[in-house]
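The values are calculated or read from the model by the stated rules, or taken from the named source; none is laboratory data. These numbers come from a predicted model, not from an experiment. When the accessible area is computed, the model is the full protein with side chains, heavy atoms only, and any ligands, DNA or RNA have been set aside. Shrake-Rupley method; radii C 1.70, N 1.55, O 1.52, S 1.80 Å.
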Amino acid sequence: MENTRHKVNIIGHRNPDTDSICSALAYTYLKNQIGDATYEARRAGQVNRETAFVLKHFGVKAPRLCTDVSPQVKDIDIRRQPGIDAEMSIRAAWTMMRDAEIDTLCAVDDDRELLGLITVKDIANANMDLFDTAVLAKANTSYRNVLGTLEGEMLLGDPDARITQGRLVVGTSPEIMDDAVKPGDIVLVSNRYEVQMCAIDCGAGCIVVCCGSAVPRTILARAQEKGCFVITTPFDTYAAGRLISTAAPVRHFMLTKDLLTFSVNTPVEDARKVMASVRHRYFPILDTDGRYCGVISRRNLLNVHRKQLIMVDHNERSQAVDGLEEAEILEIIDHHRLGALETAGPVYFRNVPVGCTATIIYQIFGEKQIEIPREIAGLLLSAILSDTLMFRSPTSTFLDKAAAEALARIAGEDIPTYAEQMFEAGSDLTGRTADDVFFSDFKVFSRGDARFGVGQSIYMTAKSRAAAEALVAPYLPKAMGEAGVPLVFFMCTDMLQETTDLLFYGHDADEIVREAFHVEPEQGKAVLPGVVSRKKQLIPPLMAAMQARQG
């Protein structure tokens, strides 16, 4: 049975840190144990080195990337109209259109690769071309199509043979047929013996005996001698004459070039614009492997199923994936200040003043009485150690420490030893670019007219911190442009010394830092002893200084 459970994405903020990704993975595991949907963890950016170490250490695969939750074609009701064989007769195609109440069919091969499409208009045009009596030969039509179209029986010949020459001719009288019938022609005849014999003697490739008439043995013998196929049909000559040209295969008439197709991943808005610019009614849809999977029309765009999300480790629009306003937010699990985020309806919002989102998720595991596997415990432990700087951050609470200690026992890890390995992996600069270092843990903050971005990296030694500063400092002007903010800051935090070298760039940045922290910056850098937390120790003073200047 097909799985009809709807899908919910659980995702953290842009430029994800260890808490963002590990909390998404852990909460996904929990929700899949107790929820009535299919939950999938996603990430809104690249995995940084610290997080990569964590995932490898506990044998967990990184979530799939998701940077935009705007509705896509796969979020609408795709009409799962089966593809057709390009050898299907246009008569059979028209019958399928009538029964399915659709005016477009897509021809595919055995691997569902799209070959072309045919519309009811194409079939109508083919039927109206009354003078193309050679259409079956031009289309290299199979005799099986003729048999199917005429509901006929082949008395002599090979049903799998193809028509390669000749025209369609109605046999009237021998006097007229002597000049009318040419070698290879398909001749529709009545039950008149002399007409049947004349058609064969004139070199007909096939005779079609109408009205279900019996065919004498002498006719069959003569036909076999001349290499002429013999078909009988219950239709009269008039009906058979009208029908037989519709035995031509779809491939002869279908559109094969410049097909307007959409992928299941095409944004709905892009599809809407294309549809508005052309007069087609139905458009083929290709799956992620490029294979045909159905069609859509403009009417389908009226019923878009918005993506459903659970946000973890953030609640501000500026830190979320693109297209958030077009998605349906079901839950928010976070430990940061409340941001300016509006939802279309009520949501489950759990915001707790602890040092890490993973601590909240650990609490939910306990409330739901769900056992925590070792790898999930390891992810939650890593997130707490990362966000609280192994309990050195002022955001750290006794709840974080208690959760970490319990999780360490489940994961079989010694906290000091494991934390040192994790932080060293994150501070390793081997092969890294300034862009990678700056944006590995970067967030945009805004309040009123104040808007700025802050990146942070944690280092275990003064040497590695100095190397990071030398790499990032020249990059700040470019980083500001790429982030699209008027001010950027970068925290080079020494975890052991509990101090931060703050690099900055932007309009009046040095004055803002001077007023916020009462220090004297030098050449785009300020030393902030005791400052290790972006959320609690850096953002509030910066916000206050900027708003004071605006007021």
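A few remarks follow.
- As a ratio to 2.2 N^0.38 Å, the alpha-carbon radius of gyration for the range 283-332 is 1.57.
- Dimensionless Rg ratio for the range 429-544, taking C-alpha atoms and the 2.2 N^0.38 Å reference: 0.97
- Over the chain, the Kirkwood radius and the radius of gyration, each from Cα atoms, give a ratio Rg/Rh of 1.26.
- If both residues of a DSSP beta bridge must be in the range 36-139, then about 60% of such bridges are antiparallel.
- Secondary structure note: in the chain, about 45% of the DSSP beta bridges are antiparallel.
- The chain, accessible area per residue, ligands and nucleic acids excluded (1.4 Å, Å²): 46
- Stokes-Einstein, applied to the Kirkwood radius of the range 200-340 over Cα pairs at a viscosity of 0.692 mPa s and 37 °C, places its translational diffusion at 151 µm² s⁻¹.
- Sulfur and carbon atoms: percent of accessible area, the range 237-314 [1.4 Å]: 50
- Relative contact order of the range 331-402, pairs being alpha-carbon contacts under 8 Å that are 6 or more residues apart, as %: 32
- Accessible area of residue 362 in the full protein assembly, 1.4 Å probe (Å², nearest 10): 70
- Across the range 380-485, Cα-Cα pairs more than 24 Å apart make up 38 percent of the total.
- Greater than 19 Å apart at Cα, pairs in 7/31; 463/525; 478/535: 478/535
- Size of the range 1-87 as Cα extents on the principal axes (Å, biggest first): 56, 29, 24
- Over all pairs of different C-alpha atoms in the range 207-289, the reciprocal of the mean inverse distance, the Kirkwood hydrodynamic radius, equals 17.6 Å.
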